[in-house]
1. Taking the condition surrounded by fewer than 24 Cβ atoms within 10 Å (Cβ to Cβ) and touching a strand residue (DSSP E or B) at 6+ places or on another chain (Cβ under 7 Å), does Met109 pass?
2. Could you grab me the full set of residues in region 280-337 that are closer than 30 Å to Asp182 by Cβ and free of Cβ contacts under 8 Å to residues at least 12 places away in the same chain?
3. What are the pairs with Cβ atoms under 6 angstrom where one residue, in region 219-233, is without any contact (Cβ under 8 Å) to a residue 60 or more places away in the chain and the other, located anywhere, is small (Gly, Ala, Ser) and in a helix (DSSP H, G or I)? Sequence gap at least six, or different chains.
4. Counting just the residues of region 419-453 that are crowded, with 22+ Cβ neighbours inside 10 Å and of a type outside the set (A, V, I, L, M, F, W, C), which one comes out farthest from Lys493 (Cα to Cα)?
5. Given the condition assigned to a helix (DSSP H, G or I), in contact with a helix residue (DSSP H, G or I) (Cβ under 9 Å, 6 or more places away or on another chain) and not small (Gly, Ala, Ser), answer yes or no: does some residue in region 162-169 qualify?
6. Report, by residue number, each residue of region 83-95 that is crowded, with 24+ Cβ neighbours inside 10 Å, of a type outside the set (Gly, Ala, Ser) and farther than 15 Å from Arg499 by Cα.
7. Which numbered condition trips up Pro32, out of (1) surrounded by fewer than 23 Cβ atoms within 10 Å (Cβ to Cβ); (2) without any contact (Cβ under 8 Å) to a residue 60 or more places away in the chain?
8. Filter region 323-336 down to residues that are buried (at least 18 other Cβ atoms within 10 Å of the Cβ) and either in a loop (DSSP other than H, G, I, E, B) or of a type in the set (A, V, I, L, M) (or both), then give me how many there are.
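The values are calculated or read from the model by the stated rules, or taken from the named source; none is laboratory data. Just so we're clear, the structure is a prediction, and the values are computed from it rather than from any experiment. Methodologically, a virtual Cβ is constructed for each residue, glycine included, from the backbone with ideal geometry; neighbour enumeration extends over all protein chains shown.
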Amino acid sequence: MTRHSGFTRRAALLSGAVTLAGCASLPIRRQPDILIRNGLVLDGTGRDGVRADIAIHGDTISAIGNLADVQANSVIDASDLVVCPGFVNSLSWSTNTLFADPRCMSDVMQGVTTQVVGEGTSMGPLNTSLRDQLANEPFIGADDIAWSTLGGFLSTVEARGLSPNIVSFVGAASVRRIAIGDDNRSATADELQQMERLVRQAMADGAIGVSSSLIYPPATSADLQELSALAAASAPSGGLYATHMRSEGDNILDALDETLAIASSAGVCAEIFHLKVAGVRNWPKAQQVLDKINAAREEGVCVAASLYPYVAGATSLAAMFPPWAWDGGFGALLDRLDDSETRRKIDKEVESQNTEWESLYALCGGADGVEVLDHGNVLPVALQGERLSTIARHLEMSPVESAMHLIRQSGEPLEAAYFAMNEETVRKILVQPWVSICSDSGAPSIEPPFTEQSVHPRAFGAFARILERYVRNEGIISLPDAVHRMTGLPASKFGLSRRGILRAGNFADITIFDPAGVRERATFTRPYAYAEGIQHVLTNGVPIVELGQHTGQLPGRALRGGGFVSA
């Protein structure tokens, strides 16, 4: 394996931040717009905090230090509070929810000022089929979709306004569906060339790299050659290859080898989305996974990962079905579920413990490990949020038959939590110095239309949970290190210039919180609850949260990658 230029570039960026943060300041030539006084400043590098003041002019930090003699238009008293860079959500699904509420409340109320989106699929490029499908998804309508490129999406959301910044990958499945459709087959040479052209255009539109999500059709059909070619197409623009690996369970070591091979072949950095080891029988593999990643890093391979701190993941209830059932997309799946013989075949395959595909149902140990979050108005209140085994007893069907019944009744894939991980593995992954934090969720508010369906509590609690449980209560990582995982580390990985570090001249994305009072309130049964303890949040120098309340401001920007070409 060879050392990649992307590793050197990003390592140099992080090294420079460690050297410069906190020791440089600009002279105060005019009165600051905002002055943050007397906070414990954690600059995002992982170093211990220092008591200091921060002056902000416009969207920029102008000085950090003892500014006792400086007056300002607005003063924030940060006594007894931590002042740090705004948190970077290393994987968000706010792309739909922000159309219903651009405040992105569940994120910003946890201190998030930048969201990274685009896991496997992205909001551009779009063809007619993808646009029609997007228009049928929750929280977004046909009238909202006035773009066809990723650049058009970024410009649209920026013009509409949003509270946090947003940055996007281009989805490998999106370009595949434009070139091939939903067919379960390898790409031809001409199709692959078309996909490469689409990736290069998306990089010029501002994408930070190409991403894959390899347990979901049609991405399951993408092979090593295809993925390496798409990653390589992003490389001249400094792109990363980010992936939901092909397996997070039985075949995780093979899937990791594939990820490392793609990064090596394409000459790019790799980012593993929400790293986990799923399934009781696979938990002992966690150390092997970490050893393999650390060995690759020692050899110069640029690879890192993100984590959401829960023992359950969430995706569609329909994701438990075998890939062949999805051939042609969700509409084709619904058609297949109308056939009784096909339903019996799906039931038999899902209940099998020895599948050739990644069976989420098996990794959870069966129906007791699957919790139906999104009931789609087809379940009585008493069964909403219950495990699939309980629902099956009520419906007097097998668990898999029950899942198919609910999906047919609702006409939607529905949402489910899959309890396939354990706390020991979460902790082992969390302490790795290359792991950042994500929610892997949309960014809803606690108001309709969001409350009409359920959601994983990570949407409201991932960042607060790190600070409360793993820092304050258990001491798994230190507070400066936790802040680094949420700020300087992801900003470095994703190439977010002048963000993630508190330093004069950087953008004023800032979070101020009570380290003794920050608390996750969301649960699986009652997920719609904002985190507590986040007192103030600023994006680009504009307060979006003041004293724990959203200000209504929408100063977020679309952040674009190094290959961006202005129109």
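1. The answer is no for Met109.
2. If the condition is that a residue be closer than 30 Å to Asp182 by Cβ and free of Cβ contacts under 8 Å to residues at least 12 places away in the same chain, then Gly331, Asp335, Arg336 are the ones that fit.
3. Sorted first by the residue in region 219-233, then by its partner, the pairs are Ser228/Ser265; Ser228/Ala266; Leu230/Ala172; Ala231/Ala266; Ala232/Ala266.
4. Pro444
5. Within region 162-169, none of the residues are assigned to a helix (DSSP H, G or I), in contact with a helix residue (DSSP H, G or I) (Cβ under 9 Å, 6 or more places away or on another chain) and not small (Gly, Ala, Ser).
6. Of everything in region 83-95, those that are crowded, with 24+ Cβ neighbours inside 10 Å, of a type outside the set (Gly, Ala, Ser) and farther than 15 Å from Arg499 by Cα turn out to be Leu91, Thr95.
7. So the condition that Pro32 fails would be (1).
8. The number of residues fulfilling the criteria is 3.
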